[in-house]
1. Could you list, in sequence order, all residues of the range 199-215 that are on the phi < 0 side of the Ramachandran plot and in contact with a helix residue (DSSP H, G or I) (Cβ under 6 Å, 6 or more places away or on another chain)?
2. Among residues belonging to the range 145-171 that are assigned to a loop (DSSP other than H, G, I, E, B) and more than 18 Å from the chain's Cα centre (by Cα), point out the one that is surrounded by the fewest Cβ atoms within 10 Å (Cβ to Cβ).
3. Output the residue which, of all residues in the range 157-180 that are touching a strand residue (DSSP E or B) at 6+ places or on another chain (Cβ under 8 Å) and farther than 18 Å from residue 135 by Cα, is modelled with the lowest pLDDT.
4. So residue 186 clears everything in (1) more than 25 Å from residue 60 (Cβ to Cβ); (2) surrounded by fewer than 24 Cβ atoms within 10 Å (Cβ to Cβ); (3) in contact with a helix residue (DSSP H, G or I) (Cβ under 8 Å, 6 or more places away or on another chain) except one condition, right? Which one?
5. Return only the number of the condition from (1) in a helix (DSSP H, G or I); (2) touching a strand residue (DSSP E or B) at 6+ places or on another chain (Cβ under 6 Å); (3) under 21 Å from residue 142 (Cα atoms) that residue 248 does not satisfy.
6. Has the range 211-221 got at least one residue that is touching a strand residue (DSSP E or B) at 6+ places or on another chain (Cβ under 8 Å) and surrounded by fewer than 18 Cβ atoms within 10 Å (Cβ to Cβ)?
7. Could you grab the pairs with beta carbons closer than 9 Å, sequence gap of 6+ or different chains, first residue in the range 191-210 and loosely packed, with under 12 Cβ neighbours inside 10 Å, second one outside any loop (DSSP other than H, G, I, E, B) and at pLDDT 95 or above?
8. Specify which of the listed residues (208, 184) is over 24 Å from residue 138 (Cβ atoms), at pLDDT 90 or above and not in a loop (DSSP other than H, G, I, E, B).
């Protein structure tokens, strides 16, 4: 027993807030975020933006929460508990994007904000309304410490089709026009013959984060998991390059251990490290 525990002064873990939609199947969204935060030693908190009826074969329905309910959740957490990092996920309407941006514009700029511009589910179901795209570009990216789009989201936000590493560089340059401090263009759908290469850059220095591809179709929740892991490592005080590299390593392990549930695409395994240790 440590002196702090003996004295009843247990230190709280890093505090990470996710602002995202709920996935009833448990593989993505709020559920994936909170599992990742627990696995990486952080205290996860949530502001639910939408409720989805979702399983391994698709999204059967989605309902936004009222803007006032989302704003109230944010203020409840920020005004009392506080945060060490924030991650945004599914914000399906312009009204929700603007409401979240209004709150984030008022926080300390030293608090990392990871923006995952969720636009479509793993099954191809749209999760971002057309009128929300401009709001993401004009409001949300301005408050982002780092934005983490995949190839589809890059095309939606910039009009640039990403097929190669050079396309990733062009896309990153275009995204900087909207104000984020860092851009992480994911490479899961790029150059599928080789490694999965994510491009991380602050506009002057470039880092290529390489990882193996796995012959595993159970990849539901990869984007949410990577963004949440990045927020966790930033909350723990790591620099952006190290945080991104460790987040990629964590999600690569989660993909490798992804498992089947239901009839369709199963989730990645957020607890793969803990289960690996228990086996040993």
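1. Of everything in the range 199-215, those that are on the phi < 0 side of the Ramachandran plot and in contact with a helix residue (DSSP H, G or I) (Cβ under 6 Å, 6 or more places away or on another chain) turn out to be 199, 200, 201, 207, 209, 211, 214.
2. It comes out as 159.
3. Result: 165.
4. Here residue 186 clears every test but (2).
5. The single condition residue 248 does not satisfy is (3).
6. yes
7. As it stands, the answer is 205/241, since those pairs meet every condition given.
8. Just one listed residue meets the conditions, 208.
The values are calculated or read from the model by the stated rules, or taken from the named source; none is laboratory data. The structure displayed is predicted, hence computed values, not measured ones. Cβ sites come from the backbone with ideal geometry, for glycine too, and all protein chains shown count toward neighbours.
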